[in-house]
Amino acid sequence: MEHFKETKQKLDLSWAELHEANINLQISIQQMQWARQDLREALQNSKVQVEDEKLKDFLEL
């Protein structure tokens, strides 16, 4: 019975770590979206012309 208890504790810890990693990933995605928006706005307010089509698509220019 003790083995099952230890296994459950390890599984619970693994789920907690996965949940924390998911939260960190969501934060990183949000930060990337803000950075992309800031870059898009800076480029729109400058005289720089973006010619790379993939970059234009990524920045939604």
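The values are calculated or read from the model by the stated rules, or taken from the named source; none is laboratory data. What you see is a predicted model; the values in this text were computed from it and never measured. Positions of Cβ are generated from backbone atoms using ideal geometry, with glycine treated the same way; all protein chains shown enter the neighbour counts. All accessible areas refer to the heavy atoms of the entire protein, side chains included, with ligands and DNA or RNA removed. Shrake-Rupley method; radii C 1.70, N 1.55, O 1.52, S 1.80 Å.
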Tally of residues being surrounded by 11 or more Cβ atoms within 10 Å (Cβ to Cβ), part of a loop (DSSP other than H, G, I, E, B) and either in contact with a strand residue (DSSP E or B) (Cβ under 9 Å, 6 or more places away or on another chain) or at pLDDT 90 or above (or both) across the stretch 36-61: 0
Any hit, the stretch 11-22, residues being free of Cβ contacts under 8 Å to residues at least 12 places away in the same chain, within 15 Å of the chain's Cα centre (by Cα) and open to solvent by less than 90 Å² (accessible area, probe 1.4 Å): yes
